[in-house]
1. Roll a 1.4 Å probe over the protein heavy atoms and report the accessible area of Asp335 in Å², nearest 10.
2. Listed highest first by mean packing, meaning other Cβ atoms within 10 Å per residue, what order do 14-23, 134-143 come in?
3. Would you mind getting the Kirkwood hydrodynamic radius of the chain from its Cα pairs, rounded to one decimal in Å?
4. Could you check how much of the accessible area of segment 13-256 is carbon and sulfur, as a whole percent, using a 1.4 Å probe?
5. Name the residue farthest towards the positive end of the dipole of the chain from the options Leu112, Met1, Val98, assuming +1 on Cβ of Lys and Arg, -1 on Cβ of Asp and Glu, about the Cα centre.
6. Amide H of Phe338 versus every other amide H placed in the peptide plane: which residues, excluding those fewer than 5 positions away on the same chain, fall under 5 Å?
7. Amide H to amide H, which residues 5 or more places from Asp286 or on other chains are under 5 Å from it, using H placed in the peptide plane?
8. Please work out the average accessible area per residue across segment 93-148, using the 1.4 Å probe convention, and give it in Å².
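The values are calculated or read from the model by the stated rules, or taken from the named source; none is laboratory data. Values in this document were obtained by computation on a predicted structure and should not be read as measured data. Positions of Cβ are backbone-derived with ideal geometry, glycine not excepted, and every protein chain shown enters the neighbour counts. Remember, those area values only see protein heavy atoms, side chains included, never the ligands or the DNA or RNA. Shrake-Rupley method; radii C 1.70, N 1.55, O 1.52, S 1.80 Å.
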Amino acid sequence: MIPLSVPHIFGNEAKYVQECIETGWVSSAGAYVTRFEEAIAEYTGAKYAVACMNGTAGLHLSLRLLDVERDDLIICPNITFIATLNSVTYACARPLLVDVDPKTWQMDMDLLEAKLASDTYQEGEHIYLKSTKQRIAAIMPVHVLGNIGDLDKLMSISAKYNLPIIEDSTESLGSFYKGKHTGTFGKLGVFSFNGNKILTTGGGGMIVTDDEELAKRGKHLSTQAKVSANEYIHDEVGYNYRLVNVLAAIGVAQMENFEIVLKRKHEIDAFYKSELQGVGDIQFQDVLEDVKPNFWLCTIKTDKMRGLLKHLNDSKIISRPFWMPMNQLEMFKGDPYFSTTDNSAAIYESCLSIPSSSNLTDEQLKTVVKAIKQVY
Ligand SMILES: Cc1ncc(COP(=O)(O)O)c(C=O)c1O
């Protein structure tokens, strides 16, 4: 069996976890949590980092930090993993879906710009959707598969309409735009360290921000909003969202080897491109000139997607179709969707992710390529 995207554990993970167990520091009070926050802040260039139990919790907390209100709209791409929209729903808000660019598969910023100009109106400091009169409270772009869209345009939209950005950077640790790390463009950025991510703690997440107040309040809210260390007094409704020490210990060890993993991801992407570009109708995601992606999960586009998917999975080469577009899911069918040609549907029908774990051997990669070529 050749897996899709599995953890690559080859450093001090066991040693640091063992230390947590031996010292009894297994809960969120342990020192590895702070060390992991410092490591992510340093790597991404963010001033502050707040560790969370997972990326979904980080996104939910970020929406709460921006004081999103009931029935507010949050702009999200139509192609993303469900957790983006789940976090919006937990915050009692609704998604305003935006179709994706057919080449980069990221939120279409030109479409967003045009639709905001034609379909919204301004009242005071805020903008509202004409059709439903709902306030638009924030933009939550997703760096899908670790790739990045036109962030210059996104930043100018954000400034023009006074819309704060929460970057769903869950897939993009190691991805840079004009030399600046993802997650550091918006007011808040959120990473995930679940089992299939480029860096894993089994389950885990991290909010990054340059805003000291947001970081302080984020940590406060993630620890049940407890005001005093020794007494049970709380000043608002908080969450039990802080990452625990055992998992943070794994994160600290994973960060020590992150450059090795990232390099291997780049090699895997380059190998697949050199072998598969030009085979049948296979296409890869376009990467904009200013973007240096992490190549977390290699995904190809082909009209033979369904047949290829079956052939690979039958050959025990684990592959997966893309996420069903959010506007097609029952829970979000009624939400507004900015689109002219529904590129999302076409991408969903033709994309599949192929084995991309950083611990795959060259032999395994050749086996994957050979199996793919059999279909063409
Ligand atoms: C785009 C996207 N958003 C959010 C999440 C949620 O992260 P987590 O699984 O850590 O809750 C993930 C990863 O699973 C993701 O891929």
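1. 20
2. Ranked from most to least packed, the peptides come out as 134-143, 14-23.
3. After inverting the mean inverse Cα-Cα distance, the result is 21.3 Å.
4. Answer for segment 13-256 is 51 percent, counting heavy atoms of protein chains only.
5. About the Cα centre, the residue reaching furthest to the positive side is Met1.
6. For Phe338, whose amide H was placed from the backbone, the distant partners under 5 Å are Leu97, Val98, Asp99.
7. It is Thr104, by chain and number.
8. With the other protein chains kept in place, segment 93-148 gives 36 Å² per residue.
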